[in-house]
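Please read the structure below before turning to the comments.
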Amino acid sequence: MQPVDASRLLIDALKRALRARGVTYRDVARSLELSEPSVKRLFSRGGFSVERLAQVCALADLDFLDLAKLARQRSERTTQLSLAQEQALAADE
């Protein structure tokens with residue numbers, strides 16, 4: 001996995017975790033004392049400092065290890081097929 005891919009997986013996992021907790025970009029902006037457009041740029045460009053990433057993780061009730069696990073689970077889920085899925089693909093001409 002390339003570093004850019006890993007950072008995108010982390011950010012996507014963080015967005016999903018925030019969404020699951022009902023935390024909006026507006027909530028993140030208030031917490032970080034930034035504008036909402038600035039927060040949207042952070043997520044779209046992946047320009048998080050470690051400190052900011054930790055602050056946003058806290059809003060999702062996560063630490064870095066939890067976030068990495070969520071990203072890894074998502075990555076594995078999308079890159080591995082079950083035996084039944086592989087057989088179905090192989091049987092479909």
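The values are calculated or read from the model by the stated rules, or taken from the named source; none is laboratory data. If you're wondering where the values come from, they're calculated on a predicted model, not measured in any experiment. Glycine gets a Cβ as well: all are built from the backbone with ideal geometry, and neighbour counts include every protein chain shown. Keep in mind that these areas ignore ligands, DNA and RNA; they rest on the heavy atoms of the full protein, side chains included. Shrake-Rupley method; radii C 1.70, N 1.55, O 1.52, S 1.80 Å.
Show the residue pairs meeting these rules: Cβ distance below 8 Å; 6+ apart or different chains; first residue within the stretch 4-33 and without any contact (Cβ under 8 Å) to a residue 40 or more places away in the chain; second residue among the charged types (D, E, K, R).
Close Cβ pairs satisfying both conditions: TYR25/GLU36; TYR25/LYS40; ARG26/GLU36; ALA29/GLU36; LEU32/ARG52.
If a residue has to be closer than 19 Å to GLN73 by Cβ, assigned to a helix (DSSP H, G or I) and either open to solvent by 50 Å² or more (accessible area, probe 1.4 Å) or of a type in the set (Phe, Trp, Tyr) (or both) to count, how many in the stretch 13-42 make the cut?
Within the stretch 13-42, residues that are closer than 19 Å to GLN73 by Cβ, assigned to a helix (DSSP H, G or I) and either open to solvent by 50 Å² or more (accessible area, probe 1.4 Å) or of a type in the set (Phe, Trp, Tyr) (or both) number 4.
Would you mind telling me which numbered condition in (1) modelled with pLDDT of 95 or more; (2) part of a helix (DSSP H, G or I) ALA71 fails?
Every listed condition holds for ALA71 apart from (1).
From the set of residues in the stretch 43-67 that are over 19 Å from LEU9 (Cβ atoms) and among the acidic types (Asp, Glu), which is least open to solvent (accessible area, probe 1.4 Å)?
ASP61
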